[in-house]
Every structure is written in structure tokens, then in C-alpha cells.
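Q: What follows is a structure written as C-alpha cells; I'll ask about it next.
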Amino acid sequence: MSDHFGDSTRAVKAVSSLPVPGDPVGPGPVLASAYHLSDDEGSEQNTYGRGSNPTWRQLESALAQLEGAEAALVFGSGMAAITAALRATATPGSVLVVPADGYYQVRRYATESLAPLGITVREATADEICDAAETADVVLAETPTNPALDVVDLRRLAHACRRRGARLLVDNTTATPLGQQPLALGADLVVASATKALAGHSDMLAGYIAGSDSELIAAVERERLLAGAILGSFEAWLVLRSLGSVGLRFERQCANALALATALQGHRGVRSVRYPGLPGDPSHPLAAGQMRRFGGLVSIELADEAAVHALVRRSELLVAATSFGGIHTSVDRRARWGDPVADGFARISAGIEDTDDLVADVVAALDAQ
Ligand SMILES: Cc1ncc(COP(=O)(O)O)c(C=O)c1O
């Protein structure tokens, strides 16, 4: 696709069908488990619904374009995509590095399901991961990390992985392809949850991988076929439909996140604020060098658990919910899930409300405490 287009234009073009007169401009999902077979055995693109589907292929083509990849594969959730990619790359005897400060279920999968297979699992924080890569075979990095929003230096990490011959997988969920392009920075594979900002409406789950190494893509595709963690074609269509408006939604989410972070950093009720887009944030110099947008997540620390609940209760706009990337601004007290953070630590996912309304509402809710 033409490089001169902006991300919103690219997203609209990526989900557009070919201009065939009489065909729908926005085609619906193809719902099928079985397809008519040909006498020319093996020539068909579609045979059985666990292997392929025309709506998947349309979504995969759009995701590959947005990630700057040759190919993408969609899955039934972000975890389905990540675990398929890990199974395809980490084999018994491998050393696998996973984020110590990233999405906690990925650490659980590595230690509970991969370590017993003879894979050595090491955990490394965003600060430690480049050193950890020196002795690894597979490195999974997440940046910005969920929930603390630290940033990994992807160019440096890709360099360390290349020197060692290790595979680099980057979880692009928090940044999205509109926020950063890990493949262009040297990653072998992007893994991500599309449940968040890409699907964007808090009503479904999906995941994907993207990359340009055909052997690696084929290995992950084999995992999808055999393990069967596929995306329903209706859900694939919902993601496709949402991708067309992701440029608008993500721009507003990023603007709202920056406005909230700016307003909250000086508030007496807020002990600390993290947002990679804040000029004073410890992650900002790295983020500014590798991110196109700084994302819709802001992390704050309030006095305690009660203060987080009171913030939501006193607000007219905030909803208490886990996950992120939806149209509503949501608040998640991460200690509730066992993340190694303070009791008053909350991850805020900025929605698409009007910026002035959102900032006024959140500040008023904090002032009332
Ligand atoms: C960074 C990150 N990666 C992966 C996932 C897993 O995605 P899903 O819930 O779609 O399986 C999540 C879920 O919150 C996440 O935050």
C-alpha cells in the first residue's frame, strides 16, 4: 500500500473490497465449515473451516498491511495467537524469555505449560530484557508493558536477538500497529490481542500474528490448524468492520490519554502517573524514538484500593472493567488480578468521549475524595 497515506486512510483502504460493480462495498461474513471440493485435489483455498475462511483472509490481509507484514493469521483470542506462536518457536531445550512486567497470563502459560515440556523459561523486565536476550533462543517482549507502561528498546533488543540467532516476538497489543511497527524495528513476529483497540467495542475477543518469514508463518499456521484455536467468521467480520474506524477511535483515545495524564500528574490525590507520551515520563525518550502514537493507556497510583473504587463511583463516565481499548474510558485496579503493583494502582483505558468532558469528569471525581 502507498506509504504516503496516513494510518486512518490505510485502515479504510485495508478493509476495502475490490470495486467490482454489483458487489457489496462492505461484504458480510462468509459462514461456512465445509466447502465444495474440486476434482483437482489440493488446489482449493477453502476445504474445511478450521483451516481457512474467506473472511479470515480479508481480515488477515488488512492486519498484514497495517503491521507492514507479508502475512497475518487470525486466532480466537490474543492468548490463542501468543501461545500458538510460542509453541511454534520454543522447543524442548530452548531458552524462552517472557516479560516479567507484562500481561500475567502469558507468564502463567510459559511457566505452567511450556516449562514442563523442557523449555527453560526466564522472566525479564523491560529494563532487563536486552541482557536476557544474550542467552535466549526465543524472546517475547511486550511494549509498552501492561500495566506499568514501561517501554522496551526494540531496536536494541532486535540487535541482541540477531547477534545471538534468537527469534524475537513482540506483543503489539497495547501500542497497536497505529502506535508502533515492531517488524520495521527488527522483530520476527508480531503477536497481539485484537480484542482491545482494534475490535474496540468491548464485545468480542480475537488475536493475530503478523510477520514476513514464510517458514515461521507456516509453523504458526500449523499450530492453528492442529490446536484449533480459530476465530469464528462472524467475529472476523466484526474486527474487519471495526478496523475501518480504528484510525479515528485510536486518535481520540491517544488524545484523551495524554489529556488525562497531563491533568492528573499535578493532582493532590494522585501519587504518580505513567504515560509514555508525557514529556517527563521515564519511558518518553525511548517511546518518542520508536512509537508513532503513545496509546490509550495511562497508569496512576492513588492512596489505596478504596480510592480507586471511589474514583469510579463518583464519576459519571468511568466504568470499572478489565481489558482496554474500548470506546468507554475504563478503570482496572490491577492488584485485584495479582499484578505486582500497589493496592491503589489503576490502569485507565481512555475511551472516545469528548476530551474536555472526560478530563472534567475525572478531575471532579478525584476532587471529591
Ligand atoms: C498485552 C496483552 N497481550 C495479550 C493479551 C491477551 O489477549 P486476549 O484477552 O484477547 O486473549 C492481553 C489481554 O489483556 C494483553 O493485555
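The values are calculated or read from the model by the stated rules, or taken from the named source; none is laboratory data. Keep in mind it's a predicted model, so treat the numbers as computed, not measured. Cβ placement follows ideal geometry from the backbone for every residue including glycine, while neighbour counts extend to all protein chains displayed. Just the protein is used for accessible areas: all its heavy atoms, side chains included, with ligands, DNA and RNA removed. Shrake-Rupley method; radii C 1.70, N 1.55, O 1.52, S 1.80 Å.
Q: Could you check Asp339 against (1) among the acidic types (Asp, Glu); (2) more than 20 Å from Ala192 (Cβ to Cβ); (3) not in a helix (DSSP H, G or I) and say which number it fails?
A: (2)
Q: Could you run through the stretch 145-185 and say how many residues are open to solvent by 20 Å² or more (accessible area, probe 1.4 Å), touching a helix residue (DSSP H, G or I) at 6+ places or on another chain (Cβ under 8 Å) and within 19 Å of Ala72 (Cβ to Cβ)?
A: 4
Residue-wise test of (1) closer than 23 Å to Ser33 by Cβ; (2) charged (D, E, K, R).
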{"residue": "Arg167", "(1), (2)": "no, yes"}
{"residue": "Asp171", "(1), (2)": "no, yes"}
{"residue": "Ala175", "(1), (2)": "no, no"}
{"residue": "Gln180", "(1), (2)": "no, no"}
{"residue": "Leu189", "(1), (2)": "no, no"}
{"residue": "His201", "(1), (2)": "no, no"}
{"residue": "Glu215", "(1), (2)": "no, yes"}
{"residue": "Gly232", "(1), (2)": "yes, no"}
{"residue": "Trp237", "(1), (2)": "yes, no"}
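Q: To continue, here is another question. Output the qualifying pairs, or none if there are none: Cβ atoms under 7 angstrom, residues six or more apart or on different chains, first residue in the stretch 59-82 and more than 15 Å from Lys13 (Cβ to Cβ), second residue outside any helix (DSSP H, G or I) and acidic (Asp, Glu).
A: Ile82/Asp171
Q: Quickly run through the stretch 336-354 and pick out the residues that are away from the ligand (no atom under 16 Å from the Cβ), of a type outside the set (D, E, K, R) and touching an Asp or Glu at 6+ places or on another chain (Cβ under 7 Å).
A: Once the filter is applied, which keeps residues that are away from the ligand (no atom under 16 Å from the Cβ), of a type outside the set (D, E, K, R) and touching an Asp or Glu at 6+ places or on another chain (Cβ under 7 Å), the stretch 336-354 yields Ala342, Gly344.
Q: Kindly indicate which of Ser323, Ser315 is open to solvent by 20 Å² or more (accessible area, probe 1.4 Å) and either within 16 Å of the ligand (Cβ to nearest atom) or under 21 Å from His267 (Cα atoms) (or both).
A: Ser323
Q: Determine if the stretch 289-308 includes at least one residue that is within 16 Å of the ligand (Cβ to nearest atom) and of a type in the set (Ser, Thr, Tyr).
A: Yes; the residues of the stretch 289-308 include at least one that is within 16 Å of the ligand (Cβ to nearest atom) and of a type in the set (Ser, Thr, Tyr).
Q: So which helices (runs of 4 or more DSSP H) stay within the stretch 1-99 end to end and still have 1 or more residues that are under 26 Å from Tyr109 (Cβ atoms) and within 16 Å of the ligand (Cβ to nearest atom)?
A: 54-67, 78-89
Q: Checking the conditions here, which among Arg122, Arg108 is within 15 Å of the ligand (Cβ to nearest atom), at pLDDT 95 or above and either assigned by TED's automatic domain parsing to the domain that holds Gly338 or not hydrophobic (A, V, I, L, M, F, W, C) (or both)?
A: Arg108
Q: Find the residue count for the stretch 267-299, including only residues that are under 20 Å from Glu251 (Cα atoms) and more than 24 Å from the chain's Cα centre (by Cα).
A: So the answer is 0.
Q: So Val190 ticks every box in (1) away from the ligand (no atom under 16 Å from the Cβ); (2) within 19 Å of Leu59 (Cα to Cα) but one. Which box is left unticked?
A: All conditions pass for Val190, except number (1).
Q: Still on this model: Can you report the number of residues in the stretch 256-309 which are surrounded by 20 or more Cβ atoms within 10 Å (Cβ to Cβ) and either among the basic types (Lys, Arg) or modelled with pLDDT under 95 (or both)?
A: 2
Q: Now a separate question. Those residues that are more than 17 Å from Thr145 (Cα to Cα) and either buried (at least 24 other Cβ atoms within 10 Å of the Cβ) or more than 13 Å from the chain's Cα centre (by Cα) (or both), I need them from the stretch 190-206; list them, please.
A: Leu198, Gly200, His201, Ser202, Asp203, Met204, Ala206
Q: Here is a further query. From (1) buried (at least 17 other Cβ atoms within 10 Å of the Cβ); (2) touching a residue at least 12 places away in the same chain (Cβ under 8 Å), pick out the condition that doesn't hold for Ser52.
A: (2)
Q: Quick one: in the stretch 113-136, which of the residues that are buried (at least 16 other Cβ atoms within 10 Å of the Cβ) and of a type in the set (Gly, Ala, Ser) is nearest to the chain's Cα centre (by Cα)?
A: Ranking the qualifying residues of the stretch 113-136, first place goes to Ala126.
Q: Something else now. Considering every residue within the stretch 196-207, establish whether at least one is within 15 Å of the ligand (Cβ to nearest atom), among the charged types (D, E, K, R) and without any contact (Cβ under 8 Å) to a residue 40 or more places away in the chain.
A: Scanning the stretch 196-207 turns up at least one residue that is within 15 Å of the ligand (Cβ to nearest atom), among the charged types (D, E, K, R) and without any contact (Cβ under 8 Å) to a residue 40 or more places away in the chain.
Q: Take Thr83 and decide whether it is among the hydroxyl-bearing types (Ser, Thr, Tyr) and touching a Phe, Trp or Tyr at 6+ places or on another chain (Cβ under 7 Å).
A: So Thr83 passes the test.
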